[in-house]
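Shown next, in structure tokens, is the structure this report addresses.
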Amino acid sequence: MDFDVIVIGVGLVGSSCAIALNAGGLRVAVVDTQRPPIASATESWDSRIYAISPGSKTFLQECGAWQLLNVARLCPVENMRVCGDDARSALDFGAYDAGMRELAVILENRELQHALWQALEAPRQIEVFVPAQCEDLVFEPAAARLVLPDGRTLSARLVVGADGSDSWVRTQAAIETTMRPYAQTAVVANFSMARPHRDTAMQWFQRDGVLALLPLPGERVSMVWSTATEHAAELLALDTVELAARVMAAAHGTFGDMQLITPAAAFPLRIQRVRNLVKPRLALIGDAAHNVHPLAGQGVNLGFRDARELARVLAARGAQNDCGDFALLRRYERARKEDIATMQFTTDTLQRLFNNDNAPLGMLRNTGLRLVNRQSALKNLLVRHAVG
């Protein structure tokens, strides 16, 4: 029951991190309260989807998970159009213009969870403790010890907290966290529509929130509508026909008639910052380390970059045998701080900029969209930063 690393949380980021750490020669244990969802053999679609950046795609290929995905359930994003709230301002991004094959790939949460679980269970030095509750976590000078309710104790040089925004690991380590609710809720659902999306993602910045329609295979799109909590409750109370009509109107009829194909779901939005990503014997990754507004679709990619960087730092540790050494973990923290801070600042600023009725500010933001749209070099720079 002695390991190099214990990863607590087998969501997307935790699973990928465990695989990457093991590939770097470390003996890894993973612990979670439940097994990830199994990929569906039916034609139903998961309402929770992700826009996976090219950089994250490469990382998932290295983990051996991307190759296990059903390609029929993947959809590339070749173009993206961001619209302001004055019906005239827009910002267009194209993969071809940036010299890339795609800006992102849209896929379902359960499909990627299942692929990562299969990769995790492949023959390798990873011990799986799922389902298993965590009862106590003690950090000692030479190791961390995780106690399970049945009395088993797991020991490791390093514990990785990948257990989400309400992280139990973070609480046990007494890491200071600041959280600010946005008083917004993200409503998600999938639709079929009359007009083809042509592998284009659409986003409308509106005074009542941000509406995104992301392409799925076939004549389908996935909606993420980040809006005021009261408005979200109103949307969730609509029947299927009324909700489809409301979304079609908000999208200015871009895709023609729309029909709901999955039940609508919702989750509250907030920004969350942690004071430290690491402590002796501990590193945080994914939502345990940060929360951002989903308007840029970069939350899970930010988490994958955490996992990739932690694995890189530990693989490059050289003669340092202790993978939980604090000086070593500080390299990971320094490498990730700027990326996380930049994404949090950008998404938070955009949310504040568009979520208000100030007329001069409205003119400024819409003018800004038009000006940036004329600067090809700037747009390509923005794309390359987002796809890493």
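Which of the following residues is surrounded by 21 or more Cβ atoms within 10 Å (Cβ to Cβ), more than 20 Å from Arg81 (Cα to Cα), out of contact with any helix residue (DSSP H, G or I) (no Cβ under 7 Å at 6 or more places or on another chain) and not aromatic (Phe, Trp, Tyr): Ala228, Ala232, Ala174?
Values: Ala228 fails: surrounded by 21 or more Cβ atoms within 10 Å (Cβ to Cβ); Ala174 fails: surrounded by 21 or more Cβ atoms within 10 Å (Cβ to Cβ).
On inspection, the qualifying residue turns out to be Ala232.
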Residue set Arg308, Arg273, Arg330, Arg334; condition at pLDDT 95 or above and outside any helix (DSSP H, G or I); output residue Arg273
Residues of segment 100-155 being more than 19 Å from Gly64 (Cα to Cα), in contact (Cβ under 8 Å) with a residue 60 or more places away in the chain and among the small types (Gly, Ala, Ser), in sequence order, are Ala132, Ala143, Ala144, Ser155
The condition from (1) among the aliphatic types (A, V, I, L, M); (2) assigned by TED's automatic domain parsing to the domain that holds Cys323; (3) within 25 Å of Ile261 (Cβ to Cβ) that Ala23 misses is numbered (3)
Checking Thr227, Thr240, Thr254 in turn, the sole residue that is β-branched (Val, Ile, Thr) and under 21 Å from the mean Cα position of the chain (by Cα) turns out to be Thr227
Pairing a residue in segment 170-193 that is without any contact (Cβ under 8 Å) to a residue 60 or more places away in the chain with any residue that is of a type outside the set (S, T, N, Q) and surrounded by fewer than 17 Cβ atoms within 10 Å (Cβ to Cβ), where Cβ atoms lie under 7 Å and the two sit 6 or more apart in sequence or on different chains, gives Ala183/Ala228
Of the residues in segment 217-236, those that are touching a Leu at 6+ places or on another chain (Cβ under 9 Å) and not polar (S, T, N, Q) come to Pro217, Val221, Met223, Val224, Trp225, Leu235, Leu236
Only unsatisfied item for Val147, checking (1) in contact with a Ser or Thr (Cβ under 6 Å, 6 or more places away or on another chain); (2) closer than 22 Å to Thr347 by Cβ; (3) aliphatic (A, V, I, L, M); (4) not assigned by TED's automatic domain parsing to the domain that holds Thr262, is (2)
Selection from segment 133-157 of residues under 28 Å from Pro37 (Cβ atoms) and surrounded by 20 or more Cβ atoms within 10 Å (Cβ to Cβ) yields Cys134, Leu137, Leu146, Leu154, Ala156
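The values are calculated or read from the model by the stated rules, or taken from the named source; none is laboratory data. Note that the structure is a prediction, hence the values are computed from the model and not measured. So basically every Cβ, Gly included, is an ideal-geometry build from the backbone, and we count neighbours across all protein chains shown.
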